[in-house]
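For reference, the structure is listed below as structure tokens.
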Amino acid sequence: MTSPNTAVSQRGGPQWVQIDPLSFDRPLTSVDQQIPDVPELEIPFPGVWQISYNARASIYPGSGALWVTTSLFNNGTLLRGSEALAGIQGSSVGLQSTWGQTILERFDAGDRVTLHAYTLSGGSGSSAHLISNDHGRTTVAARWVSPT
């Protein structure tokens, strides 16, 4: 569902849908979570779609290593091949990075694509956030490729 602040926009007719620019700062935990700041992207009609996403993470490992994993889900099921990982194998260092994946996937009309994230490891004093603002965006986009 889209919130009043965000919307899924269609660009170039029904062949392209994209999450509008977002601004948020979401703390992450070790539990896989849907990122509620990124609205669901609803597939408008069936076929093969190219799905792309970018995720900007802020990672501070504290006293150990810290990794952030992001991925896309379709109707609550992991889209295999959409997983991305970034992190720091050290301590007391900060990193901000934007990364993502692009995959081809068959969808039905009304399927809902969501962005998920979680952390791995992390020592004392570690923290990780997913961020989106004018200095780096987190977004999801889909482009229709073919009917089958």
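Here are some notes:
- Efficiency of FRET from Cβ geometry, Glu42 and Gln96, R₀ 25 Å, rounded to 0.05: 0.25
- Two-site label geometry, Asn75 and Ser23: point separation in nm, points 7 Å out along Cα→Cβ: 3.7 nm
- The computed P(r) over Cα pairs in 10 Å bins from 0, in percent for the structure shown corresponds, within (1) 10, 34, 25, 10, 8, 7, 4, 1; (2) 11, 31, 25, 16, 10, 5, 1, 0; (3) 12, 41, 31, 12, 3, 0, to (3).
- Packing rank of 61-67, 49-55, 74-80, 87-93, where each peptide gets the mean count of other beta carbons within 10 Å, highest leading: 49-55, 61-67, 87-93, 74-80
- Per residue accessible area of region 83-148, 1.4 Å probe, in Å²: 51 Å²
- Surface composition of the chain: carbon and sulfur atoms hold 49% of the protein heavy-atom accessible area at a 1.4 Å probe.
The values are calculated or read from the model by the stated rules, or taken from the named source; none is laboratory data. Not measured: the values here are computed from a predicted model. Here Cβ is always computed from backbone atoms with ideal geometry, including for glycine, and neighbour counts include all displayed protein chains. Keep in mind that these areas ignore ligands, DNA and RNA; they rest on the heavy atoms of the full protein, side chains included. Shrake-Rupley method; radii C 1.70, N 1.55, O 1.52, S 1.80 Å.
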